[in-house]
Every structure is written in structure tokens, then in C-alpha cells.
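This report concerns only the one structure given below.
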Amino acid sequence: MSAPAPPTPPAATIPDAEQVAKAMRRFIADIGPAAALAMESCVHCGRCAEACQFYVQTNDPRYTPIHKIAPLKQAYERELGPFAFVYRLFGLAPQVTAKELESWQALIYDSCNMCGRCSLICPMAIDIADLVERARHGLFEAGLVPADYLGALAEKEQATGSPYGLTQAQFRDMLHDIGLKHGVVMHVDEAKADIIPTVSSIDLKMFPASMAAIARILNHMGVSWTFRTDGFDADNAALTAGDRAGQRKITLGIIRAALACGARTVVMPECGHAFTEMRWEAANSFGQALPFRVVQITELLAEGLSDGRIRVNPGVGERATYHDACQLSRRGGASAAPRLILRALGVDLREMGDAGDANWCCGGGGGVALVKRAQPLRDLAFQIKRRQVEATGAGTVYTSCSGCRQTLEHGGKTANWTSTVASLLERVADTLAHNQKD
Amino acid sequence: MTLLEFARGPALQASALIMIAGMAWRMAGILLLRRRPQYAASRHSLARRMGGGASLILSRFIPRRTFWPRIAVGVMLSAVFHLGLALVFFGGAPHILLVHQATGLIWPNLPKGLIVMASGLTLAAMIALIVRRRLHPVLRLLSTADDYVSWLLVFLPVLTGILLSGEAIGDYGSLLTLHILSVEALMIWLPFGKLMHSVLVFAGRWTMGVTFARKGAAT
Amino acid sequence: MPEDHRMPDHTETLGAALVRHGIGRRDLLRFALAMTASLALPPGIAPVMAENLARAKRRSVIWLSIQDCTGCLEALLQSSSPTLESIIFDFISLDYQETLMAAAGSTADRMLWDAVAANKGEYLLAIDGSIPVKDGGVYALTGGRSTVGIVEALAADAKAVLAIGTCAAYGGIPKAYPNPTGAVGVEDLISGTPIVNIPGCPPMPDVLSGILVYFISFGRLPALDERKRPLAYYGTTIHDRCYRRSFYDRGQFAQSFDDDGARQGWCLFELGCKGPITHNACASLKWGGGTSFPIESGHGCLGCAEPNFWDAGSFYTSLAGGSPTGWQNASMAAAVGLAGGAAAALLARDKADPDPEETPP
């Protein structure tokens, strides 16, 4: 199977020299000892390519993960490395050119999910996925984020807090409508609450039932909770765009909302990067440890199922498999929780080959699903996931990330799957054992 | 002063000093860059994070099962090369002697025949690796002059070493001179090229191990 | 053997002299066989050698000692035993040798130049000790004349020059750093006359006698290597013929004198033995009439037959060891490195955008 060659982006509106200067400044600002160590360590062994779905499906060496961050590395060697002056003196690390930045745009945005399989295989323990995220910062500031969809999302998100440009009032209305439609009590913008659930923008558009599901479960648990429309959308498309300012703005919005109502727990939705951002990066943007806990929805469900606050009516051995969202399992340390939930649900779990921490990415993560021109490549990458799912013979594919869910549904439709794609959160909500509180 | 005396004397001193200074420079230059404190709540205690760092150093030697089919050949070649080189360097009596005279440390050596065999396997693996580097599309894209220079600077000591200890070809004195000079070339280059991975591998694996243990992430 | 105190007859052949001592042709042939083996010549040559020896005429040898310690001469003398070799030594006409001759002063001087005149173009010039050339050669004078000039003059009329001992061959101990007298070996001073180097400190007596026998037999010098050493004796290293080789191969080394390994006769590589790079015949011919040699006695080879052996570092530092760097220098180097790296990192920090909210992980 051969992939289309990486496309050339439209000409940027910023002049070349300025483009390069902005990218360089941002590249350098994003490199500390850990990233520097990573960039000094590559021994050109080529193993990262063998872990990457884009290389494996195309055999195109340009998709070698460490190759994707070449401009970042070159900037580092030229400006920050211990022997930078030697590199400059002897022309060993020439200045990155605008043309190079442009031709790297597709490698960094179209052909990388930041899934971290490469970081897992690297014998030098280089966290390549993390370096790609950093490289995106520089490209974003050089005006080289893919204009369609992703860039638009990020801009809207920065302006209004939602990639869809919805205002708080519009959110409030949406939530009340969902509550009515699904017959569930919604708590919205209450002054004080222990638990703040957040939502992903994909759920807003594609899976509104998930918001009803969260509400139903939290009501079932009998805890004090509220949605806060001033800190609501956790998707953080700005993160995958490489927009540091936007990323911080959204995160701080959620933090402030949680602080304002004295929350003890912030619950992240079924979304990979939302969890990564809030659980592992938000405190750093805040500048100090967060005064509340951050959990992913599956972690909350697992806790509730374990200590009895959530009671479900287990099913009868539905044959299902589970797709691990990269940011939750491999990168986030939350691969045990979903399996506990599936067990509690009475599911007959047929694990895929390579299930768990080293599972293949669905191909849609890290913002790739939002880049239209990347679709053929993404579809190629998905074939791996398709084969994995089909080999299990499962009737249902569960996942706990709306991005993956969307990718699986799209891919499954193209492949004429008989199996359905389902959200773990919604399934738990559907099988709750009823009590008066619901 | 003969070339052998030069190699054993001032050249050995100079190359050792360059190697030490270069390694210190490179490590300091990396580790003293501006660091940002981590405020996110760790899943595990500091002790367990340190344990994570240490255990990743060991666990990364063996790739995960899921990756094996696509990387088995490369991993095997690399293992034969590294283990062979380790056996030769740490087991060969003259090498132990060198370390002993510099530091006082000493440990038992291996018989010469075993060293010669290990050297032979190492050379074979190195040749296979360099051929693979020229043929594999990914490796061709990634490779730089550094890769080839580093290969040569490791190949020459092993080659001159096997000739020297085999005692079948060439004059002892000349081979000894070449062997010592080639090792000195390697020492001088080590801090500046990819051979520094011999040190960076520990720092990098430790860092990832600690960072990922904080998150409970997969390693 | 009966002593014969008659004055040597310069026209007498060696064969006749041997008969006088009661040694017949059969003994001579046996001796020739032994010598051909020692010289690594084909055994078929032995009868030819014997015949030539029998017909050989007395050969004049002039022996000049310059910056010597007399060790080379002593080794040759001490090794003399009532053997055929000693007779041959008697047979050569040692016309000038300062230690041995009775004459001294201007008498000795006249004897020297008389011998040169009488044997012009035919005598062998043997030199032991190095020759000081610095400051006009003033550091060794004989009869007020610099030995530099004497050597040059004597070599010009000699049939061949024998540089006996490492000092004469390569400069030896007087040449050791800082070499205040500008000592050099014969080959650095003389060209035009064939030179044989017989290095060693002292050299093996067998080597000199072998060369003399060859020269007397065939009228020319034996095959030499690129360092002008007779291949028969210097063609292999001590290591090549060392009886302790199996221990070297098995990796069993004595680590200190008189430790268990040493007592078991293990290889002395780690104690500084220079056998692998030293060309000489000690390991096969041995010293003291075949009694022993340094390694057999428990001490590593010093490499005394190689040039500059004195300046090649400690005798007790192995060939692998070299001169280690030492902790002080190593610490200095580490400190310099750390400082440089720290400076680079600090400069880099300044370059990175110091946005406090944006400091990287």
C-alpha cells in the first residue's frame, strides 16, 4: 500500500525570515534538560519507525518518528546544545529554512497522533511523542498549523472557550435540553459543588448522550456536582494545534471554575488529550499543585464500582473488545480502570492482540482526525486497528475516548463492520441499578 | 620516542583527558538547561519513581513482545555486537590491566581464545550492521557522517585487537601501536558524537523511568 | 687441552691452530653443524663452513670502547669457557682493546694506527658504547682526540663494523633523556661501511661468536633485518619463543612478584614484561651457557635489545598499561569540562525566551 506523498501547505502569510525566527524562538524556549537529553540521544537505530502506524502501513521512511522532529533538533543543536558554538562555526547545523518548516508541517500534523508507541520502543528512551508536541508549538507560532479545521478550532476555542465558538449561554441551554430529552437532572453553574465534570467538544457535537450519562451516574452516586459553563470544554484542540497560549487559557478556565466552586474533584471526559492536559500539565500552567483531584471518567467509574457507590446490572456475557485510547492507557497510566469496569459490566472481554499499554493507535488521535487532507493516510493507519478488532470476533468495541469512538465508527462504516462501537461511560449509565436518587 | 611509546605515553594521557573533559562538558551543558518544576500530583511516591528510573534502565534492553516481529533482526545484531564488545573489553586481560593501573580496580580475566572468538562475532555483527545501514530505507534517511565515523572508530580497535591477540598476522609491536592509537581515536571522539550514547542511555532511561512512573504510564 | 705459549703466527690457518690444540677435522665438522643450526643456515652448508674455517687466515679485529660500561665485554669474557669458541677468539687477532691490552697511553695509540695500516680494508671494527657527538664530540677523547673522528677514520678502512650492545647499536643508556652528551649509535654516525648491530644490554655472547664464525667462514656478514641485526638471532621476539606462552594464552598472569601466580611460573605480562616487542634470542639460547634468562628467573624482559628501551616508561608498566592519567589530572579535566558545559548551558538559558510561564520541562 502506498500513501499519498505528504502535501505541500499553502503559502504562509508571514514573511519567511520572520516565520523562521518565530519558530526558532519557540523551539528553543520549549527545550529543557529532559528534551535536550532526548535530542542528544538518538543513535539512528530506526526502531521508532517500526512502531509507528504511519510508517508500518506505508513503508515511507519520512514517517520515521524521530525524523518528524528534525527541525526542532537542528534548532537545538545550533542554538542550545553544549557544543552549539562549534556547530555554528563549522556549519554543522545550518539554520532551518522556511521551506523546510513548510515541508515538515505535514509530517508533524498529518502523520503523527502523538500516541507514544515510538517512545515505548526507543532503546534510548527518547519520548518522541512529547517532542512532536513541542515541535508543534514552533510551527504554530510560525503560522504553519494546518489552516483547515484545526487552526479554526483553535482560534475559536481561544476566543470563546469552545472549538465550536459557543457561548456560555448556549452551553447552558444545550445542557438543559439534554437533561429534558434524556430525563435526567442536570446541575449547571451551581455556586458550590464537590465534583466538576468536563466535556469534550466531540461529545457536544456527536455524542450529547454522554453528558446525560455523566449526569445520570453522578446523580446515582449521590454526590454534590455541577457542570460549569465557564470551565466546560476540556477537549483543548489548542493543545494539538500547538497553540500554547490557547492551551493555557482553556486549562486555566477550567481550573478557575473548579476553584470558584470549591471543587474537590475535576472529572475529565472520554477524551485522551483532555486527560493528559488536565492531569499532567494543568498544574504547571497554574504554577503550583492543584488543590483538587483530577480523574478520568473511567477512573471515577472504576472507583465507584469498587467501593459500591455505583451499582450496575451486569449483562450476560456480551462478547466485546476494548480499544485503549493512547493518552489514557499508554501515556496516562489508566489502562486498568476500563477493564475493571468491563468486568463489573459482565462483559465477555476478548482482548485484541497487543491489547493494553502497547496497543496500536486508531490513527485519529492528536488532532489528525481534524485535518481533512490527512484522511487517506489516517484511513491507511486505521487498517491495523480494523484487523485487530475483526480478529477478536467481538460484537462490540468499547472505548473511552470520543476521538477514538469517532474514528472507529467512521472506519467501521467504511469496512462494513457488523460490530458496533460503544462508549464505556454511556454503557455504565445505561446499566445502572435504579434507586430513588436517579 | 617510538610511535608505540607515544601511544602508550602522552597520547594515552591526552586522549583520556579529552574524553573526560568532553563528557563532563556535554553532560553539564545538557543537564544545566533551565528546568521547570513539576506540580502535577504524582501517582507514586518519590521512592517508587526512582525505582521506575532504575528499572527502565534494565527493561529497555528487551523490547516489548508486540514490537518483536518487526525489529528482531536489528535487535539481535545489536545485541551480539554490544555483548561481544563488552566481553572483549571487560574480559580481556590487557584492558583490565589498563583500568587497574588507572583506578586500582581489578577483576578476573577470560582466556585469550574466548576473547578472540567474541571479537570475531563482534566484527561479523558490525559488518552486518553497516551493510544494513546502507540498505534499509529508514536508516539511509536517518544516517549522518557521525554514524559512519563512529562505526569505523569502533571497528578499528576490534579489528586490530583480534589481529593482535590472534597473533597470526602482522608484527606484535606494530599491531599493538595501531590498536592503542585506534582506541585513543575512539576515546577522543566519544564525547562528541553518537558514541556518547554509552552514557546518555542511562541518563535518558532514568529520566523517562522517573517521569513515566509519576504518571503511572507504560514503560 | 695442552697450553701453547708460542707467539701466534699470523700466517697460520685456523685449521692448523686447531690441530695444535688437538682438535681434528671431525670435531670441526661437528662444531660447524652446531653453528649452522645456531645461524639458521641449511645443514648442507656445514661441510663448506668446516672447510672454510680450516683454511681461514687470522682476522684482525680492532675493538673500540667509547661510552661503555664494559658490561658487553665482561659478558663476552665471562661466558668464555674452554670451548671451541674461545679458541676462535684466540684465533682472531684482537689487535686493539683498551681494557684487555697491556699497553696504555701513546704506546696503545701507536698500536692502534699500526694495526689499521697493516690491515687496511680487511679488519673488523668492533665498537661498544655509544658515541657522544654534542659540542664537537668533546665528551669522549682518546689521546686528546675526539672519538667521533677516530670512529669515522677507523670505520672508513674497516671491512665491516660490529656495533656491540644496545649503546653502540642505538645509543642505549647514555642516549636516555636528557642525553646531555648527544650520544648516538654507530649507525647514526657511519655510512659507507657495512654495519652489524648486535643489540642487548649486554648482548648474547653466542651472537658475537656466531657472527665471527660466519664471517671467518664466508668472508661476509650474515643476513640482516631492517635494523641491521642478524636475522638468525633477532628475527623473532622473546614472546615468540617464551616457554610461558601457554599461560599468556590462558590469561594466567602473575600480578605481583612472588604471589601465587608468580610461584607457579605464570606469564609476567602484567608485571611489565616487554617480551612481545623485543627481538633477541634469550628465550631460546638463554644465558649462562643455557642456564636461564630473566623470565625464567621470574622477572619480565626489560626489552634491552630494543632502541630507547630506557625511555620507554617503567619496566614494571605492562605494554597494555602505558602511563595512566592520574586522579589529579583527571579531576582537572572533569572540572574544565563541567565549567565549559555549565557556561554553555547558562548562555543557552539566556538565549531561550525567559518567559517565566513558559519555562520548559
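The values are calculated or read from the model by the stated rules, or taken from the named source; none is laboratory data. The structure displayed is predicted, hence computed values, not measured ones. Ideal geometry is used to build each Cβ from the backbone, glycine not excepted, and the neighbour counts take in all protein chains shown.
Across region A:107-128, what is the number of residues that are assigned to a helix (DSSP H, G or I) and either more than 8 Å from chain B (Cβ to nearest Cβ) or of a type outside the set (Val, Ile, Thr) (or both)?
Here the count works out to 8.
For C:Cys201, are the conditions met, namely being more than 14 Å from every other protein chain (Cβ to nearest Cβ), among the hydrophobic types (A, V, I, L, M, F, W, C) and in a loop (DSSP other than H, G, I, E, B)?
Criteria met by C:Cys201.
Taking the condition closer than 30 Å to A:Val132 by Cα and surrounded by 24 or more Cβ atoms within 10 Å (Cβ to Cβ), does A:Ser201 pass?
Yes.
For region B:86-122, which positions are buried (at least 21 other Cβ atoms within 10 Å of the Cβ) and under 17 Å from the mean Cα position of the chain (by Cα)?
Matches in region B:86-122: B:Val88, B:Gly92, B:Ile96, B:Ala118, B:Ser119, B:Thr122.
Could you say whether any residue in region C:216-228 is within 14 Å of chain B (Cβ to nearest Cβ) and either farther than 25 Å from C:Ile195 by Cα or surrounded by 18 or more Cβ atoms within 10 Å (Cβ to Cβ) (or both)?
No, region C:216-228 contains no residue that is within 14 Å of chain B (Cβ to nearest Cβ) and either farther than 25 Å from C:Ile195 by Cα or surrounded by 18 or more Cβ atoms within 10 Å (Cβ to Cβ) (or both).
Would you mind stating whether B:Arg65 is of a type outside the set (S, T, N, Q), over 25 Å from B:Ile130 (Cα atoms) and either surrounded by 16 or more Cβ atoms within 10 Å (Cβ to Cβ) or at pLDDT 95 or above (or both)?
Criteria not met by B:Arg65.
For region B:134-153, enumerate the residues that are in contact with a helix residue (DSSP H, G or I) (Cβ under 7 Å, 6 or more places away or on another chain) and assigned to a loop (DSSP other than H, G, I, E, B).
Residue satisfying the conditions is B:Ser143 alone.
Hey, does region A:291-301 have a residue that's assigned to a loop (DSSP other than H, G, I, E, B), within 28 Å of A:Gly411 (Cα to Cα), more than 20 Å from the chain's Cα centre (by Cα) and outside the structural domain of A:Glu133 (by TED's automatic domain parsing)?
no
Considering only residues that are among the polar types (S, T, N, Q), within 19 Å of B:Ala14 (Cβ to Cβ) and facing chain B (nearest Cβ under 7 Å), which ones fall in region C:318-338?
The answer is C:Ser323, C:Thr325, C:Asn329.
Does region A:242-257 include one or more residues that are within 19 Å of the chain's Cα centre (by Cα), on the phi < 0 side of the Ramachandran plot and not in a helix (DSSP H, G or I)?
Among the residues of region A:242-257, at least one is within 19 Å of the chain's Cα centre (by Cα), on the phi < 0 side of the Ramachandran plot and not in a helix (DSSP H, G or I), which makes the answer yes.
Given the structure, is C:Ile45 assigned to a strand (DSSP E or B) and modelled with pLDDT of 80 or more?
No: the conditions fail for C:Ile45.
Please specify each residue of region A:308-358 satisfying the condition of being part of a loop (DSSP other than H, G, I, E, B), of a type in the set (S, T, N, Q) and more than 13 Å from chain B (Cβ to nearest Cβ).
Result: A:Asn313, single match.
Out of all the residues in region C:118-174, which are free of Cβ contacts under 8 Å to residues at least 40 places away in the same chain, touching a Ser or Thr at 6+ places or on another chain (Cβ under 9 Å) and either surrounded by 24 or more Cβ atoms within 10 Å (Cβ to Cβ) or farther than 18 Å from C:Glu98 by Cβ (or both)?
C:Gly136, C:Val138, C:Ala156, C:Lys159, C:Val161
What number of residues within region B:28-76 are within 20 Å of A:Ala334 (Cα to Cα), of a type in the set (Gly, Ala, Ser) and either at the interface with another protein chain (Cβ under 9 Å from one of its Cβ atoms) or outside any helix (DSSP H, G or I) (or both)?
Qualifying residue count, region B:28-76: 4.
Which residue out of C:Phe247, C:Phe257, C:Phe269 is touching a Pro at 6+ places or on another chain (Cβ under 9 Å) and of a type outside the set (A, V, I, L, M)?
The conditions single out C:Phe269.
Being in contact with a Lys or Arg (Cβ under 9 Å, 6 or more places away or on another chain), over 17 Å from C:Glu306 (Cα atoms), modelled with pLDDT of 95 or more and assigned by TED's automatic domain parsing to the domain that holds C:Ala117, is that true of even one residue in region C:182-203?
yes
How many of the residues in region C:233-278 are within 20 Å of B:Leu164 (Cα to Cα) and either within 17 Å of the chain's Cα centre (by Cα) or not charged (D, E, K, R) (or both)?
24
Could you pull out every one of the helices (runs of 4 or more DSSP H) wholly within region C:236-311 that has 1 or more residues that are without any contact (Cβ under 8 Å) to a residue 60 or more places away in the chain and polar (S, T, N, Q)?
C:245-250, C:282-285
Going by what's in this entry, would B:Leu129 be described as away from every other protein chain (no Cβ under 12 Å) and either in a helix (DSSP H, G or I) or not polar (S, T, N, Q) (or both)?
In short, no.
Just to be sure, is C:Ser217 more than 20 Å from C:Trp63 (Cβ to Cβ), assigned by TED's automatic domain parsing to the domain that holds C:Gly121 and part of a helix (DSSP H, G or I)?
yes
Please enumerate the residues belonging to region B:180-219 that are within 8 Å of chain A (Cβ to nearest Cβ) and in a loop (DSSP other than H, G, I, E, B).
B:Phe192, B:Gly216, B:Ala217, B:Ala218, B:Thr219
Assess whether C:Gly341 counts as being modelled with pLDDT of 90 or more, buried (at least 20 other Cβ atoms within 10 Å of the Cβ) and more than 8 Å from every other protein chain (Cβ to nearest Cβ).
No, not satisfied.
Select from region A:265-296 the residues that are more than 9 Å from chain B (Cβ to nearest Cβ), in contact with a strand residue (DSSP E or B) (Cβ under 7 Å, 6 or more places away or on another chain) and over 24 Å from A:Gln406 (Cβ atoms) and list them in ascending order.
A:Thr265, A:Phe292
Select, from B:Ala72, B:Ala125, B:Ala145, the only residue that is farther than 21 Å from C:Tyr248 by Cα, touching a residue at least 24 places away in the same chain (Cβ under 8 Å) and either loosely packed, with under 15 Cβ neighbours inside 10 Å or within 19 Å of the chain's Cα centre (by Cα) (or both).
One residue alone meets the criteria, B:Ala125.
Answer yes or no as to whether C:Leu302 is more than 7 Å from chain B (Cβ to nearest Cβ), modelled with pLDDT under 95 and either more than 30 Å from C:Pro199 (Cβ to Cβ) or surrounded by 16 or more Cβ atoms within 10 Å (Cβ to Cβ) (or both).
Answer is no for this residue.
Please count how many residues of region A:75-132 are basic (Lys, Arg) and surrounded by 20 or more Cβ atoms within 10 Å (Cβ to Cβ).
Final tally of qualifying residues: 2.
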